[in-house]
Each structure stands twice: as C-alpha cells, then as structure tokens.
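Participant: Handing you a structure now.
The values are calculated or read from the model by the stated rules, or taken from the named source; none is laboratory data. From a predicted model like this one, the values you see are computed outputs, not experimental measurements. Don't worry about glycine lacking a Cβ; one is built from the backbone with ideal geometry, like all the others, and counts go over all protein chains shown. Surface areas here come from the heavy atoms of the whole protein model, side chains and all, with no ligands, DNA or RNA. Shrake-Rupley method; radii C 1.70, N 1.55, O 1.52, S 1.80 Å.
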Amino acid sequence: MSADVFGATPAELIERYQFHAGRLVVQAAQLALAADPEGVLAGLRRHREILADPAQTTDIELMDLVRTEISLINQLEGSPAAVGVRGDRTVLEVFDEVTSTLDEVNRPAQAAAAFLRLSWIAALADQEITGLALLHEAAQLSPDFTAQNSWDIEASRANLMDREASNLYAAGDRSQAMTYCIGALAYWLEQGRTGFIENLLGRIADLAPHADEAALINAVGVLPRLVPLLSRVMGGPADERQSEIYGGLIASVLENDKPSPHVLWALLQLACGLRTAMMIAAPRLSVVSDPRAAELLGLLEQDRKAMLNAPPMSIAQPERVSLREAFEERRRWLLVEVMPQLGFQGLEQFRALLDDKTVVLTLCRVRLPGGFPAQLIVAVWPAGQAYAIEPGSFGAESLEEIFRLLDDTLDDLRTRGLNHICLFGQSGGSGRSPHLIPLGDGLLADHWLATSLPHPSTLFPRPAAPDLAARTEAVVAFGLGFASGQHGQTPIPDAPEEAQAIAASMGGTARVDDAATKSELRELAPGAQRLHLATHGRFSESTPSFHKVMLAPEPQDDGVLYAWEIAELNLAGVELVTLSACESAESVVDIYGNVEGIPVAFLRAGAQAVVGTLWQIETSCSRAFFELLYTQLAGGASRADAFRAAQCEIRRRFPDPQDWSAFFLIGDWR
C-alpha cells in the first residue's frame with residue numbers, strides 16, 4: 001500500500017481518492033515508518049501539497065506529521081538528539097551534550113537536525129523561548145539544511161510562538177502575547193490553515209485593546225503585509241476580524257495620556273477602506289478572461305435578450321439577481337487574487353499633500369477595553385489634528401455625529417480660513433447629501449465645501465506614471481439624448497448640446513447620440529485629460545458592479561456601461577471624470593469604510609477624481625452645473641474651487657436642495 005501511495009503523484013491521489021487522499025498518505029506513512037524511514041520521509045515531502053491542504057488533514061494531524069518528519073530527519077541524519085529529555089536534565093543540558101558530541105564529528109546538517117528535534121522537546125518541557133532559540137541556531141549552522149527542511153522548521157516556529165503566546169497571556173502579558181500571535185499568524189496564512197488562522201485572529205482581536213507601544217509598532221509594521229493574503233485565504237469574514245483588531249489597537253492608542261498621532265493615522269488607514277485602497281491599487285484585470293465570470297455574463301446576456309420580448313412592465317427576475325450576485329462574488333474573488341501589499345505613507349507625508357484650506361475627517365469603529373463599541377472621529381489638517389470619541393455603535397446619522405462632536409474644532413478652523421472638508425471613506429448615498437448636514441443655524445454647505453476620498457493612499461502618485469503627453473484632448477464629452485427611446489429611457493434633449501458645449505469650452509471633442517458609443521469611449525478616453533458623460537445612470541446597491549451609465553447601442557453591444565467595465569478601462573492620467581447622469585455619484589459604503597460603485601470604478605481605472613449626482617435631478621440644472629464647472633476649469637481653477645463656484649451659482653439659480661445638493665466630488669480635489 002505504501003509503495004502505491006508514495007509512488008503516485010499528488011494529482012493522481014486527489015483524482016482517485018479526493019478528500020480522502022490526505023488520510024491515505026498518513027496511514028501509508030504509519031505502516032511503513034519502521035521498515036522504510038527514508039522512503040516515508042521522501043513520500044511525505046512528495047505529497048506535502050496534499051498534507052498542507054486543510055481539506056485533506058486536520059490541524060492536529062498536520063502537527064503530528066511535522067513531529068514525525070522531524071524524528072525521521074534526526075534518525076536519517078544520525079543525530080544524537082534522539083535521546084530526548086529524561087529525569088532531571090533540562091533542554092539546555094541536552095543541548096550542551098548534543099553540541100559537544102557534534103563538535104567531534106563536525107557535521108552542520110546533523111547539528112541542525114538535532115536542534116530542530118530539541119526545539120520540540122523544549123516545547124514539551126514548556127520552554128518555548130529556548131525552542132525558538134534552537135531553531136535560530138539550526139538556521140545559522142546549516143543554511144542548506146534549513147532550505148531543505150523549511151516547511152518543518154517554520155511549522156515548528158509557528159507552533160512555538162503560538163504556545164508562547166498562551167504562556168504570556170497566562171502570565172498577564174497581553175501585549176507580548178499579541179506579538180507572538182501575529183508571528184504565528186504570518187506562517188499559517190502562508191499555509192492556508194483556516195483553523196489556526198481563525199483561532200489566532202480571535203485571540204489577536206481580544207488582545208488588541210491592551211497593546212503597549214512596542215506591540216503597536218510591531219502590529220502596524222506586520223499586519224499590512226498580511227492583509228492581501230488574509231483576504232485570499234479567509235474572504236469576507238477577514239474584514240470583520242480585521243475591523244475588530246484595528247478598532248482594538250486604536251482604542252489602546254487612545255488609552256495613552258499622549259496618544260501618538262502617527263500610530264493613530266497608520267491604524268486609521270488599516271481600519272477604514274483598506275480593501276478599497278488595495279483594489280484601486282491592484283493591476284488591471286480582464287474579468288471576461290475568467291471562464292466562470294464569462295459564463296455568468298453569457299447567462300445574463302441571454303436573460304437580457306429574453307427580456308426584450310417581455311411585457312413593458314416586467315421586473316427583474318430572481319434568476320437575474322442571483323446571476324449578478326454570483327458575478328459580483330466572482331469578480332471580488334478575482335480582485336482579491338491580485339491585490340497588492342500597500343506601503344502607506346506617514347502622517348507628515350499626507351499632510352504635505354493638503355492645501356491650507358482642507359481638513360480631512362474620518363469616522364471609525366473602535367472597541368474599548370471590555371468589548372464596548374465606540375465611534376472615533378479624527379480630523380487632520382496641515383498644521384494639526386484633533387479627535388473625539390463617542391461610546392455606542394454607528395447609526396443612520398453617523399455623518400452628523402462627526403460635526404456635532406467636532407463642532408468647536410471646525411468653528412476654529414473656519415476662522416483660520418479653512419473651507420473644505422474631505423470625508424475619508426464616506427460619501428452621500430442612501431438619499432443623503434453631506435452638503436445638507438445641519439451645522440449651527442444652517443447647513444454644512446453654507447460655509448464648507450464637502451468632498452470625499454475613498455482612502456488617503458489614493459492621493460499619492462501611483463507607481464506606474466501615466467504618459468501624460470499622450471493626452472492631447474483637454475476634454476472628450478459624450479451626450480446621448482435618447483430621442484428614439486434607447487434602453488427604454490425618457491429623452492434628455494439637453495444632453496447632446498451639453499456635451500458639445502463642454503467640448504467647445506476647452507477645445508475638446510464631442511460624440512453625441514448614435515456616435516456616443518462604448519467603442520468611441522474606449523478609443524478616445526486614452527487621449528483625454530478630462531472625460532464627460534451626459535446620459536442616464538442607474539445605481540445598483542446590492543450589486544455595485546452593475547452600477548451603470550448608458551451609451552448608444554451598437555450591433556454587437558447594448559451600450560450599457562457597467563462599473564466592472566469602467567474599472568478595466570485605461571484612464572491613467574485622466575484628471576477628472578464628470579457624470580451628468582442620475583445616481584452616478586452614489587456608492588455602497590460598508591461598515592468597514594470600503595466603497596464600491598461607479599466613482600471607485602473610475603478611480604481604479606486611473607482617473608484622479610469623479611463628479612456626479614447622488615440622485616435624479618432636473619436635466620436643466622445638471623447641464624447648467626457642469627457647464628459652469630468646465631468654465632471654471634478652463635479658467636485655471638482647481639477642481640475644488642471650480643466645484644464650489646459652480647455649486648454656489650447653481651444654488652442661487654435652483655434653490656431647491658433636491659437640485660443643488662445632488663452634485664458630489666469624489667477623489668483628488670486639487
């Protein structure tokens with residue numbers, strides 16, 4: 001049996017025995033252990049891919065296999081460490097004996113094998129720090145041995161760190177316990193062992209509110225490197241655990257008499273909108289090249305064609321909704337696979353990007369010691385920062401809470417000339433506009449321009465600098481009037497004229513009506529500094545990948561431009577995208593500050609900023625706003641100043657808040 005099992009390839013065993021392959025390898029190893037130790041060790045190494053798979057072996061079985069391999073390594077190397085610890089001899093006494101014996105034979109690999117074996121004996125003797133030191137000695141003695149047996153060595157290290165974390169917790173040293181848990185987590189993430197990972201994440205979350213300064217610095221240094229892998233291995237549940245961990249770490253910072261603003265800022269970047277930041281920074285992705293995603297899109301296209309012959313009042317069928325949800329999940333999984341590690345810039349580097357009129361506000365969930373929820377509000381401006389903390393959970397009026405708790409700070413900043421509030425990770429959405437937040441005796445818009453930023457990292461230059469010289473068009477504008485009822489939509493008579501007026505204001509190019517197609521957009525966008533679309537839009541809260549704007553149909557394309565398609569465009573270097581389309585500035589914002597929808601899709605494609613509308617408004621108001629905006633831009637105004645000037649004039653002409661407060665800017669306002 002053992003020869004048959006060890007002689008087969010891992011793929012053959014999985015095909016033949018499926019989820020029983022790992023158990024079969026374990027049994028084969030047990031049967032042949034005494035008769036053929038060398039063959040068993042070779043077989044275990046050959047089938048490590050199977051044995052490391054959590055679907056094939058339990059965590060207990062895995063650690064038993066590591067111990068078995070280490071014993072075999074010692075036996076085959078002729079190591080004297082097989083003596084173990086007997087009677088009243090300590091691990092260090094055995095270490096000295098082994099070292100003196102090895103000095104006589106001068107075999108580094110034999111010594112390294114001995115120290116590896118002794119590290120496990122140290123664990124049994126509850127001397128984990130000694131065990132970790134022995135592993136370090138093994139690596140120093142023989143790099144070749146370490147490379148050949150890295151799997152056993154790293155598994156041993158993770159086991160020792162896990163055990164030492166328990167020892168430290170029992171001794172009351174929660175900070176050090178968390179540091180050791182994070183060390184063990186890093187290894188088990190590489191192995192994809194969800195049982196170990198879930199256990200460690202829970203322990204880290206419990207320990208986080210008690211972290212001291214050294215543990216905080218370690219966490220800030222290590223955890224960001226683990227995030228992409230954690231998302232790949234654990235998926236959605238990782239967001240909740242990470243939120244608990246970062247919220248607890250932030251609470252530990254605030255426990256200090258003088259909280260470090262730099263550590264706090266680093267943790268805020270982890271706690272709010274982290275997944276969005278990684279997705280914006282991820283390499284461009286061709287979703288349709290994935291067979292499963294292409295299959296789902298094919299089924300959705302079949303459904304669309306079937307609906308063309310359906311009665312006019314037909315509604316979306318449950319099958320279509322489930323297909324969209326399946327595509328949404330598949331696309332997120334594909335993005336997670338390519339998400340990069342992010343090296344965040346520090347607080348001073350971020351402040352250097354701010355102009356002297358801007359304050360950045362963020363709202364973050366934290367957990368106070370004892371597990372009590374609270375919300376933290378942080379303000380950052382070029383010359384300083386402030387924060388406030390409020391016990392309790394997030395509510396529907398969370399944005400309003402920011403301004404209530406920081407009312408005095410904002411009043412002081414306004415007297416110093418600041419007039420722009422950028423909301424980190426927050427936007428309007430759900431029928432709400434930040435411009436309408438009550439402030440004093442009036443509204444926020446009476447004194448402040450409000451914009452939003454999905455994540456601070458999006459303000460910094462991206463690694464791959466775009467070829468700005470290739471963008472020769474000041475603006476490319478598209479306008480679709482729907483005169484013939486395309487997409488079953490009501491006409492927008494002003495849209496073609498709006499596109500032509502905006503193009504003319506900056507000497508750009510316009511494509512209107514039947515010429516306003518996706519093909520033209522893909523051809524012209526790479527040469528544009530700015531992009532404007534005047535059309536219909538529709539938000540999709542449950543499936544934000546299908547948040548859409550509509551262009552003219554073509555023989556092989558229905559003309560609907562979805563957020564997932566926008567994200568795959570090459571818009572690197574586009575300064576501004578403006579969307580004179582209903583619900584085009586809407587976004588889905590989850591409780592972790594991650595943002596999805598058309599605005600983020602344009603940012604992921606490379607655009608620096610997006611202006612759209614949060615709901616349906618009068619087309620005459622929308623046209624007037626965007627023509628005013630481009631007139632200001634043509635005169636050299638910044639995006640923020642141009643937006644504010646257009647907003648104030650539109651508020652004068654269209655005083656109904658349903659009109660003027662719908663426009664919103666997301667991204668780089670400079």
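Participant: Here are some values of Cα extents along the principal axes in Å: [x] 81, 63, 51; [y] 92, 61, 46; [z] 72, 64, 54. Which one was computed from this structure?
Facilitator: [y]
Participant: Here is a follow-up. Just to confirm the number: angle between the C-alpha axis of helix 639-653 and the first principal axis of the chain, 0 to 90 degrees, nearest 10?
Facilitator: 40 degrees
Participant: Using a 1.4 angstrom probe on the protein heavy atoms only, could you order Asp441, Asp152, Asp303, Asp446 from most to least accessible area?
Facilitator: On the way: Asp441 170, Asp152 0, Asp303 35, Asp446 65 Å².
Descending order: Asp441, Asp446, Asp303, Asp152.
Participant: Also, quick follow-up: Given the options Leu576, Cys648, Pro555, identify the residue whose Cα lies farthest towards the positive end of the charge dipole of the stretch 534-670 (+1 on Cβ of Lys, Arg; -1 on Cβ of Asp, Glu).
Facilitator: Of the candidates, Cys648 comes out farthest on the positive side.
Participant: Take every Cα-Cα distance within the stretch 177-285, group them into 10 Å bins from 0 onward, and report for each bin the whole-number percent of pairs it holds.
Facilitator: All Cα pairs considered, the percentages come to 14, 49, 30, 6, 0.
Participant: Roughly what % antiparallel, to the nearest 5, for the DSSP beta bridges in the chain?
Facilitator: Details: 32 of 60 bridges.
DSSP beta bridges in the chain are roughly 55 percent antiparallel.
Participant: Give me the tail of P(r) for the stretch 507-630 as a percent: Cα-Cα pairs with distance above 26 Å. Before the final figure, lay out each step's value.
Facilitator: Values: 1049 of 7626 pairs.
When all Cα pairs of the stretch 507-630 are counted, 14 percent exceed 26 Å.
Participant: Mind checking which of Leu124, Ser620, Val359 is farthest towards the positive end of the chain's charge dipole, using Cβ charges of +1 (Lys, Arg) and -1 (Asp, Glu) about the Cα centre?
Facilitator: Selected residue: Ser620.
Participant: While we're here: Grab the other residues whose beta carbon is less than 14 angstrom from that of Ile14, score K and R as +1, D and E as -1, and report the net. Walk me through the intermediate numbers first.
Facilitator: On the way: positive: Arg16, Arg23, Arg46, Arg48; negative: Glu12, Glu15, Glu49, Asp53.
Residues close to Ile14 contribute a combined charge of 0.
Participant: Gap in Å between the Cα centre of the stretch 209-260 and the Cα centre of the stretch 182-202?
Facilitator: 15 Å
Participant: Separate question: Taking the Cβ of Val5 as the centre, find all other residues whose Cβ is under 15 Å away and add up their charges (Lys, Arg: +1; Asp, Glu: -1).
Facilitator: Details: positive: Arg16, Arg23, Arg45, Arg46, Arg48; negative: Asp4, Glu12, Glu15, Asp36, Glu49.
In short, 0.
Participant: Still on this structure: Let me check something: with ligands and nucleic acids excluded, how do Lys357, Lys548 order by accessible area (1.4 Å probe), largest to smallest? Mind showing how you got there, number by number?
Facilitator: Working: Lys357 80, Lys548 45 Å².
Of Lys357, Lys548, the descending order of accessible area is Lys357, Lys548.
Participant: Per-residue ellipticity at 222 nm for the chain, helices alone: DSSP H runs ≥ 4 residues times -39500 (n - 2.57), over residue total, nearest 500 deg cm²/dmol? The partial results should precede the final answer.
Facilitator: Details: 29 runs with 350 residues, N = 670.
Theoretical 222 nm ellipticity from helices: -16000 deg cm²/dmol.
Participant: Still on this structure, please answer the following. Counting Lys and Arg as +1 and Asp and Glu as -1, each charge on the Cβ, what is the dipole of the chain about the Cα centre in debye, to the nearest 20?
Facilitator: Details: 53 positive and 86 negative charges, 179 e Å.
That gives the chain a dipole magnitude of about 860 debye.
Participant: Just to confirm a number: summing +1 for Lys and Arg and -1 for Asp and Glu over residues other than Asp173 whose beta-carbon lies under 13 angstrom from that of Asp173, what do you get?
Facilitator: Every neighbour counted, the sum reads -1.
Participant: For the stretch 200-284, what is the charge dipole size about the Cα centre, in debye to the nearest 20, if Lys and Arg each add +1 at the Cβ and Asp and Glu each add -1 at the Cβ?
Facilitator: Numbers: 7 positive and 8 negative charges, 105 e Å.
In total the dipole reaches around 500 debye.
Participant: Can you give me the angle between helix 494-505 and the longest principal axis of the chain, using Cα atoms only, in degrees from 0 to 90, rounded to the nearest 10?
Facilitator: Helix 494-505 sits at roughly 80 degrees to that axis.
Participant: Follow-up question, since we're still on this one. What is the percent carbon and sulfur in the accessible area of the stretch 558-670, measuring with a 1.4 Å probe over the protein chains and ignoring ligands?
Facilitator: Numbers: 1570 of 3260 Å².
In the stretch 558-670, the share of accessible area belonging to carbon and sulfur is 48 percent.
Participant: So what is the accessible area of the stretch 510-580 per residue, in Å², with the probe set to 1.4 Å? Walk me through the intermediate numbers first.
Facilitator: Numbers: 2280 Å² over 71 residues.
Accessible area per residue: 32 Å².
Participant: So what's the angle, to the nearest 10 degrees on a 0 to 90 scale, between helix 91-105 and the longest Cα principal axis of the chain?
Facilitator: 70 degrees
Participant: Heavy-atom accessible area per residue, the stretch 199-355, 1.4 Å probe: how many Å²? Each step should come with its number before you reach the end.
Facilitator: Working: 7270 Å² over 157 residues.
Here the residues of the stretch 199-355 average 46 Å² of exposed surface.
Participant: Something else now. Can you pull the accessible area of Glu568 for me, 1.4 Å probe, Å² to the nearest 10?
Facilitator: Glu568 has an accessible surface of roughly 50 Å² with all protein chains in place.
Participant: Another question about this same structure. Keeping all protein chains in place, calculate the accessible area per residue for the stretch 594-654 (probe 1.4 angstrom), answer in Å². Working shown, then result.
Facilitator: Details: 1980 Å² over 61 residues.
Per-residue accessible area for the stretch 594-654 comes out at 32 Å².
Participant: Which listed residue (Asn199, Gly507, Gly43) has the Cα farthest towards the positive end of the charge dipole for the chain, taking +1 on Lys and Arg C-beta and -1 on Asp and Glu C-beta about the Cα centre?
Facilitator: Gly507
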